[in-house]
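**Student:** This is the structure I want to talk about, given as structure tokens.
The values are calculated or read from the model by the stated rules, or taken from the named source; none is laboratory data. Keep in mind that what you see is a predicted model, and the values were worked out from it rather than measured. Cβ placement follows ideal geometry from the backbone for every residue including glycine, while neighbour counts extend to all protein chains displayed.
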Amino acid sequence: MASTDTAKTVGNNDVYSHGNVEESDAPDAAVSQSGATQERLTIPGIKLGKLDVPVPVMLSPMAGVTNWPFRVLCERYGPHGLYVAEMITARALVARNPKAFRLCRFAPSESPRSLQLYGVNPGIVEQAARMVVDGHMADHVDLNFGCPVPKVTRRGGGSALPWKLDVFAELIHRVVSVCDAAGIPVTAKIRVGIDHEHETYLDAGRIAQEEGCAAVSLHARTTAEYYGGHADWQRIAELADALTIPVFGNGDIWGAQDALDMMKQTGCAGVAIGRGCQGRPWLFADIKNAFNASDERVNPTLAEVGAVIEEHARLLTEFYDGDEVMAVHDLRKHVAWYLKGFAVGGATRKAFMQSENLEDIARNVRELDPNLRLPDEMADKPRGRVRYAKKVHLPYGWLDSRELSKEGREALFGDDPMDASY
């Protein structure tokens, strides 16, 4: 039996209060694959400073995933969004670490070029931002305050940093001061907080806005929740209601309907896509179509998926300066995502995991059933690992105060690792 899906309000928010969701001139309803009747809406673009974003969709930075080969594939399917490079450690950039510069590469087709910086020392992050500006390395800078990985949070970075209001504000202020002069918009990626007893998102959003950020992206989980459970979209609604700058909602967007539902329920200005696009760069085409009141969705055959796998392998080989072994090893995790849900045997998956060069990949692709499609019940399902943090790792005494003491600053800033990425 078909059921009617209506827009839901969250708390006291009016789902249309931010002017981000417009009713379409298209027919009033469309029938989803599940048989439910869905309201058709048109989502307008936004501006970040002088930067136009016609389709308000952001590819969230993911370490080891969102290098330029993957970004290019995503952008081909869904142009006119923001496709952000994986996190660059500011100190590594300042130290001219070769790996950091590799991660800063963009393909000629990428526009705008979006780069994410991470750091805990405002002075170092400012230096990195200056390098980005002076080197004309990006058109948009995102700041990482959302990473929950212990290696990052135990240094006071990522999602731990907004707890220290003074350092958080200083870091944003310094980066915005550098980038604003060059007309480069700065955005901030944040989480709900460290845990539900130490929430930071409203303070962080307010400070980001006051210090000149053009937008904020909120992953609606705490650090303690990591990537487990369900994202609390109500927090996105609350932040969107509290700020005048655009808010991108992030968390549990596995399909185009999820993106529409988030927009309707929260009043956010756009959506940020993370694990949902792993092995599915065409998700951006689905969302672009959905935002334009179109029912068209991409449901590729396995032959078409295989062609994407081969193209991804070739692009990664270029990324690694012709090193096929490095490229194919990097591709392995992507292949697991590309094949997720398809009825291919364990032997086929194993063969891909044992590939060592482009010919191995091509041979394994030729062995795939070209006409196979993903079953409807497997579409738009959660992807990636569901991981819970057993313990949030923080610097000693981190939660004792919302400000960082002089001694704390010396301890925290004196031993920042040189890693190019976590």
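**Student:** When segment 271-297 is examined, which residues are found to be touching a helix residue (DSSP H, G or I) at 6+ places or on another chain (Cβ under 8 Å), in a loop (DSSP other than H, G, I, E, B) and closer than 20 Å to Ala63 by Cβ?
**Tutor:** The answer is Gln278, Gly279, Arg280, Pro281.
**Student:** So, one more: Going by the conditions given, is Ser177 buried (at least 24 other Cβ atoms within 10 Å of the Cβ) and among the polar types (S, T, N, Q)?
**Tutor:** The answer is no for Ser177.
**Student:** Can you tell me which residue within segment 374-416, out of those that are modelled with pLDDT under 85 and of a type in the set (Gly, Ala, Ser), is nearest to the chain's Cα centre (by Cα)?
**Tutor:** Checking each candidate, the answer is Gly384.
**Student:** Mind listing whichever residues of segment 217-254 are closer than 19 Å to Gln116 by Cβ, of a type outside the set (A, V, I, L, M) and crowded, with 24+ Cβ neighbours inside 10 Å?
**Tutor:** Ser217, His219, Arg221, Thr223, Phe248, Gly249, Asn250, Gly251, listed by residue number.
**Student:** Could you please find all residues in segment 247-267 being within 13 Å of the chain's Cα centre (by Cα) and either in contact (Cβ under 8 Å) with a residue 40 or more places away in the chain or not in a strand (DSSP E or B) (or both)?
**Tutor:** Phe248, Asn250, Gly251, Asp252, Ile253, Trp254
**Student:** Arg154 - would you say it is basic (Lys, Arg), surrounded by fewer than 19 Cβ atoms within 10 Å (Cβ to Cβ) and within 14 Å of Ala85 (Cβ to Cβ)?
**Tutor:** Spelling it out, it is not the case that Arg154 is basic (Lys, Arg), surrounded by fewer than 19 Cβ atoms within 10 Å (Cβ to Cβ) and within 14 Å of Ala85 (Cβ to Cβ).
**Student:** Pull out all pairs, ordered by first then second residue, where Cβ-Cβ is under 6 Å, the residues are six or more apart or on different chains, the first lies in segment 334-348 and is of a type in the set (D, E, K, R), and the second is assigned to a loop (DSSP other than H, G, I, E, B).
**Tutor:** Every condition considered, the pairs that remain are Lys340/Gly279.
**Student:** Working only within segment 279-315, note down all residues that are within 19 Å of the chain's Cα centre (by Cα) and among the β-branched types (Val, Ile, Thr).
**Tutor:** Ile287
**Student:** I'd like the full set of residues that are surrounded by fewer than 20 Cβ atoms within 10 Å (Cβ to Cβ) and either of a type in the set (A, V, I, L, M, F, W, C) or not in a loop (DSSP other than H, G, I, E, B) (or both), limited to segment 194-206.
**Tutor:** Asp195, His198, Glu199, Leu202, Asp203, Arg206, listed by residue number.
**Student:** Yes or no: Val149 among the hydrophobic types (A, V, I, L, M, F, W, C), under 21 Å from the mean Cα position of the chain (by Cα), in the same structural domain as Ile46 (by TED's automatic domain parsing) and surrounded by fewer than 24 Cβ atoms within 10 Å (Cβ to Cβ)?
**Tutor:** For Val149, the condition - among the hydrophobic types (A, V, I, L, M, F, W, C), under 21 Å from the mean Cα position of the chain (by Cα), in the same structural domain as Ile46 (by TED's automatic domain parsing) and surrounded by fewer than 24 Cβ atoms within 10 Å (Cβ to Cβ) - is met.
**Student:** So Pro370 ticks every box in (1) out of contact with any Ser or Thr (no Cβ under 7 Å at 6 or more places or on another chain); (2) in a loop (DSSP other than H, G, I, E, B) but one. Which box is left unticked?
**Tutor:** (1)
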